[in-house]
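Each remark here refers to the structure printed beneath this line.
The values are calculated or read from the model by the stated rules, or taken from the named source; none is laboratory data. Just so it is clear, the structure is predicted and the values come from calculations on it, not from any experiment. Glycine gets a Cβ as well: all are built from the backbone with ideal geometry, and neighbour counts include every protein chain shown.
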Amino acid sequence: MKETIKCINCGSRNVVKKGRSKTKFSVRQIYKCKDCNKRFGFGFGKSYPAKIVMDSIIAYNIGNNLAETSKIIKRKFKVNVPEKTIYSWVKEFDKICSYYRIRNNAIKLFKPKDIIFTKIFRHLQLYKYRYHKAKVAFFVNEYFRGLKSYLINISSNCPNELFKNSARISNIKLGIDAERVKIFKKENYACKLASLALQSANKNSERHNKLQEFMLVNDTCTIATEVPVYMYLDEIKQYGIFDLFGNLSIKNNTLKETKKPMHLYLTTYPNSNAITGHIDFVQLKFGSVYVLDYKPDASKVDAVSQLFVYTLALSVRTGIWLRNFRCAWFDSENYYEFAPSDIVLRFCNVPKNKLREFFVRNKERRYFTSKEFHEKSSKIEVG
């Protein structure tokens, strides 16, 4: 989906292109708002283009020193950027790019070339799966050990053929009343990070990859991107919430669409017994695992079904109870969040012996995700 341009003065979308502004190294598109009659442009107002600024911050925060970062930028862009200029950019954006605060600890454990694990999956199209080794080591505690194991092992254990012959999670629409789902619009650093990162994308096709790379390197809580997830039919049934899936039917142990009013949109494959997808961002913060999806024009999108099923699949794969997850979708201006466990509690008849998987008191969550719990023996059984 193409993201529309809004006037930075009045918020109107009634804008047109009105020439370009040239600097020594870049050209910036200028727009004119037909409502307030003012001109504006995007960028940092600097001599260097956004791509060089953002790539410099990435190169530095990933573990290179200032001299190495300057050399990397020179090789990539054929431009000499002084070390003091690079450092000024790092300091200028260090509140948004919060990873800067733990960078010195991370480089003690990993070299710049080793700190990000990358794997290209060929699942009908190319998906670049990445996780940040230092953040996983620092922040994924004993309670979330299933997540750590999954992120490390999925590169070698992923059932790749399943992704080529299965129903796509992104096509799913749950059979629920969306008006009854508690969705919270919040201010979040994901929007600020998106606003920065997307300015360095020359084409719409670059936006997702640029944003994922920028957040993985510069945001403290983003630990993985483009994470493959899957869930088998039997696992959906065992979870006890099959009724949420609207008119998804079972025939010969495969997923099929029925001809009833559509609650679930699936591409039917001959022998499909699973649903698959790729999560844009996995974060760890405030004692919860966050599943995020970038959606241009987020205010016009309903991503509840897609994010809920992504999270359900990750819960099944990691063994982490659904109560420990949060879901959100966002763009550079808006951020919408909900708790997937609330959907189960609101729309399903959950047996009393299963309630603990979906409901937790804040005090209990704080304990299980605390340093105290992390330092205890792994003999403790966690959900």
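Brief remarks follow.
- Which numbered condition residue 224 fails, given (1) in contact with a Ser or Thr (Cβ under 8 Å, 6 or more places away or on another chain); (2) hydrophobic (A, V, I, L, M, F, W, C); (3) crowded, with 21+ Cβ neighbours inside 10 Å: (1)
- Total residues in region 24-37, condition out of contact with any Gly (no Cβ under 9 Å at 6 or more places or on another chain) and modelled with pLDDT under 85: 3
- Residues satisfying the stated conditions in region 130-175, i.e. closer than 13 Å to residue 276 by Cβ and modelled with pLDDT of 90 or more: 154, 158, 159, 160, 161, 162, 163
- Annotation: residue 159 fulfils all but one of (1) out of contact with any helix residue (DSSP H, G or I) (no Cβ under 7 Å at 6 or more places or on another chain); (2) surrounded by 21 or more Cβ atoms within 10 Å (Cβ to Cβ); (3) of a type outside the set (Ser, Thr, Tyr); the unmet one is (2).
- Checking residue 94 against (1) acidic (Asp, Glu); (2) closer than 30 Å to residue 346 by Cα; (3) outside the structural domain of residue 226 (by TED's automatic domain parsing), the condition it does not meet: (2)
- Check on residue 31, aromatic (Phe, Trp, Tyr) and not in a helix (DSSP H, G or I): yes
- Residue match in region 175-195 (condition: in contact with a Gly (Cβ under 6 Å, 6 or more places away or on another chain), surrounded by 14 or more Cβ atoms within 10 Å (Cβ to Cβ) and not in a helix (DSSP H, G or I)): yes
- Note on region 124-161: residues that are closer than 16 Å to residue 216 by Cα and among the aromatic types (Phe, Trp, Tyr) amount to 5.
- Scanning region 340-372 for residues that are at pLDDT 70 or above and aromatic (Phe, Trp, Tyr) gives 347, 358, 359.
- Some residue of region 104-117 being out of contact with any His (no Cβ under 9 Å at 6 or more places or on another chain), outside any loop (DSSP other than H, G, I, E, B) and among the charged types (D, E, K, R): no
- Verdict on residue 137 being part of a helix (DSSP H, G or I), buried (at least 18 other Cβ atoms within 10 Å of the Cβ) and of a type outside the set (Lys, Arg): no
- Residue within region 56-68 that is at pLDDT 85 or above, surrounded by fewer than 17 Cβ atoms within 10 Å (Cβ to Cβ) and in a loop (DSSP other than H, G, I, E, B) present: yes
- The listed residues are 286, 245, and the only one of them that is at pLDDT below 95 and out of contact with any Leu (no Cβ under 7 Å at 6 or more places or on another chain) turns out to be 286.
- Subset of region 296-350 that is of a type in the set (A, V, I, L, M), free of Cβ contacts under 8 Å to residues at least 40 places away in the same chain and within 18 Å of residue 227 (Cβ to Cβ) - its residue that is surrounded by the fewest Cβ atoms within 10 Å (Cβ to Cβ): 303
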